[in-house]
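So the structure is just underneath, and the comments pick up after that.
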Amino acid sequence: TVEDIARAIAFLATDAAGNLYAGVSPGGRVLRFAPGSSTPTQLLNTRQTFVWALQFDAQGRLLVATGGAKGQLFRVDNPASASRLSLSPLATLPQRHIRALSMRGDQIFAGTSDDAVLYQIDASGASTALFSVTTAQAPPS
């Protein structure tokens, strides 16, 4: 069960309907708590070790940043009504951990480790490295 493998709730987010989403690590799962409920529904099993960040886009889709074997970004189209999903990632980055997410319009920004690279990801999942902290410059394209 989720309770047997979870050691941390690494990130929380709420949607417009008041549902609470929890990123559980290790185990790479996202749980949804309906308003007023303390019993979760498993929304997503990412098959990664960690869920590092959750972010809603302007259309109400839930973005899930993960880490472990691969840094992957998942997008859940109907998070309030879906359950027990197993999705293909929207994007897989060369870094092992996507630790931070932010939105500007329909552009997704992802901060990674272990190499501290900032990526821009478009709605189709195409990614561009914008900046590397370790080299203090834009990575080669």
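Here are some notes:
- Residue check for F109: of a type in the set (F, W, Y), closer than 15 Å to R29 by Cα and not in a loop (DSSP other than H, G, I, E, B): no
- Taking every residue in the stretch 55-73 that is under 18 Å from S83 (Cβ atoms) and in a loop (DSSP other than H, G, I, E, B) and pairing it with any residue that is at pLDDT below 95 and among the acidic types (D, E), at least 6 positions away or on another chain, the pairs with Cβ-Cβ distances below 8 Å are R61/D77.
Residues are listed down the side, and each one gets a yes or a no for (1) modelled with pLDDT under 95; (2) surrounded by 15 or more Cβ atoms within 10 Å (Cβ to Cβ):
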{"site": "N78", "(1), (2)": "yes, no"}
{"site": "A82", "(1), (2)": "yes, yes"}
{"site": "S88", "(1), (2)": "yes, no"}
{"site": "I108", "(1), (2)": "no, yes"}
{"site": "Q120", "(1), (2)": "no, yes"}
{"site": "S124", "(1), (2)": "yes, no"}
{"site": "S127", "(1), (2)": "no, yes"}
{"site": "T135", "(1), (2)": "yes, no"}
{"site": "A138", "(1), (2)": "yes, no"}
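- Residue check, F131 over 16 Å from the mean Cα position of the chain (by Cα) and in a strand (DSSP E or B): yes
- Qualifying residue in the stretch 31-54 (condition: open to solvent by less than 20 Å² (accessible area, probe 1.4 Å), part of a loop (DSSP other than H, G, I, E, B) and small (G, A, S)): no
- Within the stretch 55-76, being in contact with an Asp or Glu (Cβ under 8 Å, 6 or more places away or on another chain), surrounded by fewer than 18 Cβ atoms within 10 Å (Cβ to Cβ) and hydrophobic (A, V, I, L, M, F, W, C) holds for one residue alone: A58.
The values are calculated or read from the model by the stated rules, or taken from the named source; none is laboratory data. Worth saying up front: this structure is predicted, and the values here are computed from it rather than measured. Positions of Cβ are backbone-derived with ideal geometry, glycine not excepted, and every protein chain shown enters the neighbour counts. To get the accessible areas, we keep the full protein, side chains included, count just its heavy atoms, and leave off ligands, DNA and RNA. Shrake-Rupley method; radii C 1.70, N 1.55, O 1.52, S 1.80 Å.
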